[in-house]
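See structure below.
The values are calculated or read from the model by the stated rules, or taken from the named source; none is laboratory data. Model, not experiment: these values are computed from the prediction. A quick note on method: Cβ atoms are made from the backbone with ideal geometry, for glycine too, and the neighbour counts reach across all protein chains shown. When the accessible area is computed, the model is the full protein with side chains, heavy atoms only, and any ligands, DNA or RNA have been set aside. Shrake-Rupley method; radii C 1.70, N 1.55, O 1.52, S 1.80 Å.
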Amino acid sequence: MSPEHQANGRPSEDRDYQAEEPQLIYPPKQAQKGRGAISNITGRFESQTSERVDDGWWHDPDEINPTPAGRTQVTEELAKSLINRNQSPDLPFSLSINPYRGCEHGCIYCFARPTHAYLGLSPGLDFETRLYAKVNAPELLRQELASPSHTPSPIAMGVNTDAYQPCERHYRITRQLLEILWECKHPVGLISKSSLIERDMDLLAPMASQNLAVVCITLTTLDHQLSRRLEPRAASPSRRLQTIHRLTEAGIPVAVNLAPIIPFITEQEMEKLLTAAAEAGATGAGYTVLRLPWELSPLFREWLEVHFPERAERVMHRLQDMRGGKDYDARFSLRMKGEGVWADLIHQRFQKASSRLGFNRSGRFRHLDISQFRRPLVVPPKPRSQGQMDFFQ
């Protein structure tokens, strides 16, 4: 191009080409309706990690929009064992059962999300859409309770993933396990945020009358809009309070677990949550400060950026203040509550409100009766034939 052409103030051909080159702008991250996680991050055991970048060659919007999570898939599996055992000093139980792996409730704060990495799946959207049902759980429970090595101790059910998540309506695994525990007079404590637990009051009420069953309902917030963001497919806050009332009316002791306490998100509701639970009939209470192990930390940070970008830094800084400057501290006695000034303040607020409302006075939640336990009858396997087997048998 001639100097005269450039002197007229008209752009050169090179400048025209650069100006007209399309610029790819990725759309902001968005939440998917009915799902808690924003994306499917790579699990920590994967050897390869993929990351989307703009190299300037492709500009199809369909290629850059996030892929929908799709329908929930439930895979039936045959578990090798059922009862989990722990010696954690900060847990009130040593035995636990999880009928399902993964949880459709989609709670973004769920500390069990990283366990999906063991399956080669993402702790993100996979955790809430690709579930596993332990269909042989009732058979395993009978075998393990019948074993001479089993020492009765209250079994906590639904610790990692909710035993009453939506697929329980079809599989009824939790129901079958409760029937066996009632038959054996074995104590159990159920942890849930689902109103489906009301279905099994016909079992829980007689068990509770013999000091064999207690229930803990998780309460996170009274704000329905916030609840839909935090735990999109769990029962609404008002529905959970109604469940507490119905269970207590049936004579079943109910405690509430304020979990998790999230600074600047749910922390300010602590006293209101305890008051609402007491009015509904709950007699026990506990709390847990938000835990962010492994992949849960980037998942929660991503969730904050989408739903609360204006306070994301404040939330994480306050959590780090209670975790020794880190996102998470896995040490026993500190992982649940945290440490420091802010953790102490939360503890004091909880203790004062609990004392005022009369929580934790009966001791029912730590002293279930193990003396009534009787081992179940297990049908022995068919004996193998003696001698040489028939070729056509």
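Please indicate, with yes or no, whether at least one residue in segment 238-248 is surrounded by fewer than 21 Cβ atoms within 10 Å (Cβ to Cβ) and under 14 Å from the mean Cα position of the chain (by Cα).
Residues of segment 238-248 that are surrounded by fewer than 21 Cβ atoms within 10 Å (Cβ to Cβ), as a first pass: 238-239, 242, 245-246, 248.
Filter again for under 14 Å from the mean Cα position of the chain (by Cα), leaving none.
Looking through segment 238-248, none of the residues is surrounded by fewer than 21 Cβ atoms within 10 Å (Cβ to Cβ) and under 14 Å from the mean Cα position of the chain (by Cα).
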Would you check which residues across segment 174-197 are among the basic types (Lys, Arg) and under 16 Å from Pro154 (Cα atoms) and list them?
Lys185
Would you check if there is a residue in segment 251-270 being buried (at least 16 other Cβ atoms within 10 Å of the Cβ) and more than 21 Å from the chain's Cα centre (by Cα)?
yes
Got a number for residues in segment 225-239 being in a helix (DSSP H, G or I) and more than 12 Å from Gly34 (Cα to Cα)?
5
Within segment 346-367, restricting to residues that are at pLDDT 95 or above and open to solvent by 70 Å² or more (accessible area, probe 1.4 Å), the one that is nearest to Leu290 (Cα to Cα) is His347
Among (1) over 23 Å from Leu203 (Cβ atoms); (2) free of Cβ contacts under 8 Å to residues at least 40 places away in the same chain; (3) buried (at least 19 other Cβ atoms within 10 Å of the Cβ), which single condition is Leu119 missing?
(3)
Answer residue from segment 200-232, given it is of a type in the set (D, E, K, R) and open to solvent by 10 Å² or more (accessible area, probe 1.4 Å) and is farthest from Glu305 (Cα to Cα) among those:
Asp202
For segment 124-204, give me every one of the helices (runs of 4 or more DSSP H) that falls completely inside it and has 2 or more residues that are closer than 21 Å to Thr218 by Cβ and touching a residue at least 24 places away in the same chain (Cβ under 8 Å).
125-129, 168-171, 173-184
Among what's in segment 122-147 and is open to solvent by 10 Å² or more (accessible area, probe 1.4 Å) and in contact with a strand residue (DSSP E or B) (Cβ under 7 Å, 6 or more places away or on another chain), pick the residue that is farthest from Asn40 (Cα to Cα).
Val135
